Amino acid sequence: MDFDYTDDQEQLRDAVRRWVDKGYGFERRMGIARAGGFSKEAWGELAELGLTALTISPDAGGMGFGPVESMVVMEELGRGLVLEPFAAVALVATDLLQQGHAPSAALWLQGIAEGKERVVLAHQERAARYRLNHVTTRAENVGGNWVISGAKSVVPAGAHAGAFIVPARVGGADDDAQGIALFLVSRGEAGVTLRGYSTQDGACAAELKLDKAAGIELIGPADGHAALERAQDIGIAAACAEAVGAMDKLVAITVEYMNTRKQFGVPISSFQALRHRIADVKMQLELARSMSFFATLKLGAPAAERRRALSQAKVQLGQSMRFVGQQAIQLHGGIGVTMEYAAGHYFKRLTMLEMSFGDTMHHLGEVSARMQDTAGVFA
Amino acid sequence: MDFDYTDDQEQLRDAVRRWVDKGYGFERRMGIARAGGFSKEAWGELAELGLTALTISPDAGGMGFGPVESMVVMEELGRGLVLEPFAAVALVATDLLQQGHAPSAALWLQGIAEGKERVVLAHQERAARYRLNHVTTRAENVGGNWVISGAKSVVPAGAHAGAFIVPARVGGADDDAQGIALFLVSRGEAGVTLRGYSTQDGACAAELKLDKAAGIELIGPADGHAALERAQDIGIAAACAEAVGAMDKLVAITVEYMNTRKQFGVPISSFQALRHRIADVKMQLELARSMSFFATLKLGAPAAERRRALSQAKVQLGQSMRFVGQQAIQLHGGIGVTMEYAAGHYFKRLTMLEMSFGDTMHHLGEVSARMQDTAGVFA
Amino acid sequence: MDLNFTPEQQAFREEVREWVGANLPKELSHKVHNALRLNKADLQGWARTLGRKGWHGWAWPKQFGGPGWDAIQRHLFEEECALAGAPRIIPFGPVMVAPVIMAFGNPEQQKRFLPGIMSGEVWWSQGYSEPGSGSDLASLKCRAERKGDFYIVNGQKTWTTLGQHGDWIFCLVRTSTEGKPQTGISFLLIDMKSPGITVRPIITMDGEHEVNEVWFDNVEVPADQLIGEENKGWTYAKHLLAHERTNIADVNRAKRELERLKRIAKAEGVYEDARFRDQIAQVEVDIVALEMMVLRVLSAEQSGKQALDVAALLKIRGSEIQQRYSELMMLAAGPYSTPFIEEAMEAGWQGDHVGAAYCAPLAGTYFNMRKTTIYGGSNEVQRNIVSQVVLG
Amino acid sequence: MDLNFTPEQQAFREEVREWVGANLPKELSHKVHNALRLNKADLQGWARTLGRKGWHGWAWPKQFGGPGWDAIQRHLFEEECALAGAPRIIPFGPVMVAPVIMAFGNPEQQKRFLPGIMSGEVWWSQGYSEPGSGSDLASLKCRAERKGDFYIVNGQKTWTTLGQHGDWIFCLVRTSTEGKPQTGISFLLIDMKSPGITVRPIITMDGEHEVNEVWFDNVEVPADQLIGEENKGWTYAKHLLAHERTNIADVNRAKRELERLKRIAKAEGVYEDARFRDQIAQVEVDIVALEMMVLRVLSAEQSGKQALDVAALLKIRGSEIQQRYSELMMLAAGPYSTPFIEEAMEAGWQGDHVGAAYCAPLAGTYFNMRKTTIYGGSNEVQRNIVSQVVLG
């Protein structure tokens, strides 16, 4: 039982933080957001730092790091509100690609490791809400080849991806957990239509339409739903860590503002009602940090235990994100709601993170459904 | 649209308040609580004020007043934490007795009006929680006479009642809304067992067991469930008004304490964090007062509208009671949790009121189930 | 005690409803009901329509050309407008500066300014806040120096809502630095076309241009545009605040928006989800309680028998409820609220919506609503006020 | 980073579990698991059992006869005791006064007092609070005047938990009125059998006798019962507060009580009610988050690599959670929590319970738990501390 980082992990953190502080300042970020929310150059810099290869196994040309290192990186990217889809590509998609049996997966992994390619999971469907089992996209085997038809929404940085991992149904009804396979679909295939757009946090996403598009089976229907759950949980852990980084920075910004801004002749940090508010903010931040650790350290647990833990974490993080974000704006007053000031951007990103991979209500439902007689970290 | 009291209503309020202030002080109340939670003398004084006849029609020897006057009285009784079962007898039971067709009802009403008798509704059953339709007590017609068997819990002041209004099933399954009739059962009948005890707020209740006890049909199975719902709603409105009176007084006690108690050389009312807390307390009190008016003024509305409104009111009141009660204790510090100080007794009574006639979760469920497309006071 | 309106009040409501139904353009109410963008023509068009009926100054007494309605009639008018999907009446003219002109302006000023406000022709803005003075409004620094028949104004105002459309602006300016900060403030009416005025947009985090900075560089203001006496502006502004309580809780809009929340929740399939639905039920209870509190205030105003000092409570609760329903609308759409597609927030856009058309503005509205607990006296300031009332 | 305990730590846990299982009387754990009343014999019996094993001072270093465990071992010991249903160890002796005696007492005092604490034979009480000094502890007035070889103590202490059983009491007393209030305070150990001491019960609103007033009327205290130097008691008390952080969050008990909440909810039929169950799920999340925060503190203490200043957060959150689960237990029983039948809270009562046996103590516990956000430095004081850390 130990929550210290190793020296390697601290070096990794320092390297990412240095890049964020020096290379990804507010002005650059705003420029990237205005230009559509994705920068190839910035992505290249992440690759140069070795980050795109972070969780790819050494055999496949990667660094072979695990959840803790992923958390370290995500916290720093969160601190800098980095727009590029690092978690989607280098944590979630790489895990699925490495689990899968598609021969072309290795090539995509190599491309990701080198910073040349991006692959993302495209799983959100209309009316699915946050249920992974709701898949209406269908895959048909036509003469030994899979063709896929359906629509996927809000695919992270979809317009900048070379391929998509697409859950599609090979059998069963729309809501069955059985019968879902995961396919690799290249953006260049016939029948693939992409429509990109900006997102509220300054990043970007896309609508993906598949009309009999050719796909390669990555994970078969026996394991598809379980793989999706695992991908979601990796995404949750990444969102938790990113949120901790973002909140940590936002609290620092707010504290500095409170100690600087004067009203009635004194810094507003001298008002007890605001002091107690920041104490409550700090509480939520530390609970969130604790549960981000929990999320990361449970990623390797057996599926049922992992699933329960990750939902517990997402509930805490969702509540913390909302409270910290809203209170940071409130403590700033008017300046907090302007586009030119950083706080609002943290708030918007935190808002989106709450809704990514299932919102607080959804995961409270999961926790409720998965409760056991005992409770606690080791239950 | 008008929320002023008439002169008569103000006189009524003043009369009750005078009695509470002068006749029902903290010491007397504590003495009654220690002696079991009911005082015949105090009840007699309520009768002398004419209150036990408040809602009984003039034909039956009463004053024929309605919901607004009931609210006025309940607020004052709440302010004084009066232990005697006024609402149970003089608002809920009198309404049922006047609705019913039992010939003996008139006699009981007369007895209540004169302050000589008490009749209470005994409807709580084990495992029913707050569902009025869950009735396992059974009534059988044996040769033209009804005999009733079953058990009722936490009957208010049950040991001091001369008769009980007992919902019992004449047909259908345990959870059917159909098939419930209301019977009048005298405490002296064979097969009636009573076990009285104190309640947490210093008042008293009883367990009532019926083993083939003779009962007289008051309200038949066609109307039984609807009558129970109406009785519950009268009880809710009374609880709301009582709670407003209790909260109003508790806030006054707390404000006085805050302006008196010194820490660090200044009254604790000078600390902004506590000032904002009392502002939140005041908010909950005024929301509660508003919804108590709403509850009272909707008692005469058609059943569906009344039912929805009363649940809305109980949700607000439940939330207000819990917040105001808890914060009043917190703002007092140690002294607030002692038996010798009044605040804790208000807190305990408010806690029980939250659980009477359905708690906040139960009524939120009712509101949820009864929502319409439109919203608001006149929806 | 009676919850119901009188037959006369009901008839009045019907009259308003009928008139609004006949005069509010369908395209406009469609925009309002779906939180689509409103432009200047939308807002001013509705103001002029009301003006022609004599209702743009709906709270005005008859002597100044208003309808002379009582508190309940005003409430019913506001409610009917809100539920019908009329845009909010921009308050700076008819609600904010007009009462000050009526109470403290001279007859010439009343004659000069009030008709343009009532008709909706003249767009007024508010010049109170400054960068350094938020909750501490009295610390304002924007100077006005008397030179002959003019005041020369220098300084900056900020958070000027819709100031980009403004014809005139009413300002609190510093005319003296002696004594307490409150004592050296004057109330000036300024033509926004005056040389030396620059309006710069502030883009808020939802990407919208709703507020502005207004800069004054040696702006000459004729001295007859001073309201009342020099250095007494703070008193006038406080009078305004005391009377600017109409609809502070915004409960009528809340009722309309709750209906929208239910429509969205149904369309997104979460209305049947007990967990989500409970959240809506809670807002419904909150709105009924708020409305009852508003009705209590109206009754007290009407009868004069009670004193109800709950304006600060109405502001706190109303703003919290606005924030909550906008949050729930966004959460109902979930991932479909996350795209930021500006065109999708314009009425009549023919492009493909992500999710459904109603999803487009939801996150932006949620972001925008954060302002409601900050502006108009932050909720922290309101809690100070409440505690003062309660604790003495 | 590793969430798991080492094999050595696991083995240690097993050893404690086995010993507790073998030595904790079943009747006692039954009482604890069902929140039935504990008497002095229950509490002191367990203290003596631990004392015989050398574990009553489980956090003590070896040099004073303790087991010399590290932070994680102490945590595991506390967890095993809590989950097994052991009563809480009354902290005033082993956790509160003993560390002060170790750090600031002289060798004679250490020899005289520590063995009786470790063995569980001597029952200590705390004499800090006074009626006028709540959060403002330093304003205390209880006087001690030096006369020859004695201090003469006059004044009053209050909120003395279980002081009715006390053999000894450690007190903060005023020995000087010069300088800041903090500087004139001394730390005295007082035999409660001394003439002039009166203990008066304070009955709390749940009807229980848990706390007391202690009155001192010319009580003679031998001067060799002064700890350290005169007028330096405040320093010693603060040292104690800084070190009295073991188990401040009470998360192990919370885990046990959450299990009880689930049992009660199942028996009452509300565990299958989605609305109620969500509340339990929320507490479950809260407890896991609190436990993770506790584990982070332990890890930091163990490795010395991080400084984690979150004791105030643990106090706030732990107390809020205690209040919440006790509230939910009461709400689960609903009307069946409302009877007040004292006998029903005694183990082995043969009467008819209203509802079920587990219902009897629920409301009383809920009432009693209101103290947790007040005592040990109110949560308001804790928020002051947190804000000081955050804002500087």
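Under the convention of a label 7 Å out along Cα→Cβ, give the distances in nm from B:Phe264 to the same position in every other copy, shortest first.
Going from nearest to farthest copy, the values are 1.5 nm.
When only C-alpha pairs under 8 Å and at least 6 residues apart count, what is the relative contact order of chain C, in percent? Walk me through the numbers on the way to the answer.
Numbers: 607 pairs, mean separation 54.6, N = 392.
Dividing the mean separation by the residue count of chain C yields 14 percent.
Report the charge-dipole magnitude of segment D:124-232 in Debye, nearest 20, computed about the Cα centre from +1 at each Lys and Arg Cβ and -1 at each Asp and Glu Cβ.
Numbers: 10 positive and 16 negative charges, 60 e Å.
Computed charge dipole of segment D:124-232: roughly 280 debye.
Using only Cα atoms, find the angle between the long axis of helix D:379-391 and the longest principal axis of chain D, and express it within 0 to 90 degrees, rounded to the nearest 10.
Approximately 80 degrees, to the nearest ten.
What number of lysine-lysine pairs in segment C:8-109 show an alpha-carbon separation below 21 angstrom, given a sequence spacing of 8 or more or placement on distinct chains?
5
Would segment B:119-222 count as rounded, prolate or oblate if I go by the C-alpha gyration tensor, calling it rounded below 1.5 in a/c and otherwise prolate when a/b exceeds b/c, oblate otherwise?
Values: a/c = 2.15, a/b = 1.33, b/c = 1.62.
Because a/c hits 1.5 or more and a/b fails to exceed b/c, segment B:119-222 counts as oblate.
What shape does segment C:205-342 take by its C-alpha gyration tensor, where a ≥ b ≥ c are the square roots of the eigenvalues and a/c under 1.5 counts as rounded, a/b above b/c as prolate, and the rest as oblate? Intermediate results must be reported in sequence, preceding the final value.
Values: a/c = 4.20, a/b = 1.48, b/c = 2.85.
Because a/c hits 1.5 or more and a/b fails to exceed b/c, segment C:205-342 counts as oblate.
Put a point 7 Å out from Cα along the line to Cβ at C:Gly351; what are the distances to that point in the other copies, in nm, shortest first?
From this label point to the equivalent ones elsewhere in the assembly: 7.4 nm.
Grab the residue from chain C whose Cβ hugs the C-to-D rotation axis most tightly, plus its distance in whole angstrom.
C:Ala274, 3
Taking the Cα centre of chain B as origin, sum charge times position over the Cβ atoms of Lys and Arg (+1) and Asp and Glu (-1), and report the length of that vector in debye to the nearest 20.
1200 debye
With a cut-off of 8 Å between alpha carbons and a minimum separation of six or more residues, what is the relative contact order of segment C:7-89 in percent? Could you put the intermediate results ahead of the total?
Numbers: 73 pairs, mean separation 32.8, N = 83.
Value for segment C:7-89: 39 percent.
Along the charge dipole of segment D:7-89, which of D:Ala47, D:Leu76, D:Gln9 sits closest to the positive end, that is, farthest toward it, with unit charges on the beta carbon of Lys, Arg, Asp and Glu (+1, +1, -1, -1)?
Of D:Ala47, D:Leu76, D:Gln9, it is D:Ala47.
Against the longest alpha carbon principal axis of chain C, how many degrees, from 0 to 90 and to the nearest 10, is the axis of helix C:274-303 turned?
40 degrees
Relative contact order for chain A using alpha-carbon pairs under 8 Å, separation at least 6, rounded to a whole percent? Numbers along the way, then the final one.
On the way: 696 pairs, mean separation 56.6, N = 379.
Computed over chain A, the figure is 15 percent.
Are there any helices in chain B, counted as whole DSSP H runs, that stretch 27 Å or more along their axis by Cα and score at least -1.0 on average by Kyte-Doolittle, and if so which? Intermediate values should be presented prior to the final figure.
Numbers: long enough: B:224-260 (53 Å, 0.49); B:272-297 (37 Å, 0.14); B:303-332 (42 Å, -0.47).
Within chain B the helices that satisfy the rule are B:224-260, B:272-297, B:303-332.
How far is A:Thr374 from itself in the other copies, in nm, if each label sits 7 Å out from Cα along the Cα-Cβ line, shortest first?
5.6
Can you send over the solvent-accessible area of A:Val170, 1.4 Å probe, protein chains only, in Å² to the nearest 10?
Here the accessible area works out near 50 Å².
Place +1 on the Cβ of every Lys and Arg and -1 on the Cβ of every Asp and Glu in the protein assembly as shown, take the dipole about the Cα centre, and give the residue among A:Ser368, B:Ile56, A:Gly318 whose Cα lies farthest towards its positive end.
A:Gly318
Need the C-alpha centroid separation for segment D:186-203 versus segment A:236-262, integer Å.
50 Å
Is the protein assembly as shown rounded, prolate or oblate when judged by the Cα gyration tensor, a ≥ b ≥ c being the square roots of its eigenvalues, rounded requiring a/c under 1.5 and prolate requiring a/b larger than b/c? Don't skip to the answer; put the middle values down first.
Details: a/c = 1.32, a/b = 1.10, b/c = 1.20.
Judged from the Cα gyration tensor, the protein assembly as shown comes out rounded (a/c under 1.5).
So which residue of B has the beta-carbon closest to the axis that swings B onto A, and how many whole Å away?
Residue and rounded Å distance to the axis: B:Gln272, 2.
Can you tell me the orientation of helix D:107-119 relative to chain D, as the angle in degrees between its alpha-carbon axis and the longest Cα principal axis, to the nearest 10?
Once rounded, the angle reads 20 degrees.
222 nm [θ] for chain D, helices only, -39500 (n - 2.57) per DSSP H run of 4+, per residue, to 500? Could the numbers behind the result be given before it?
Values: 12 runs with 174 residues, N = 392.
Helix-only estimate at 222 nm: -14500 deg cm²/dmol.
Let me know the mean shielding of C:264-275 by other chains, meaning the per-residue number of their Cβ atoms within 10 Å of its Cβ.
Numbers: counts 0, 0, 1, 1, 3, 3, 2, 2, 0, 5, 8, 8.
For peptide C:264-275, the averaged partner shielding equals 3.
The values are calculated or read from the model by the stated rules, or taken from the named source; none is laboratory data. Predicted, not measured: the structure shown is a model, and the values here were computed from it. Every residue, glycine among them, receives a Cβ derived from its backbone with ideal geometry; neighbour counts consider all protein chains shown. To get the accessible areas, we keep the full protein, side chains included, count just its heavy atoms, and leave off ligands, DNA and RNA. Shrake-Rupley method; radii C 1.70, N 1.55, O 1.52, S 1.80 Å.
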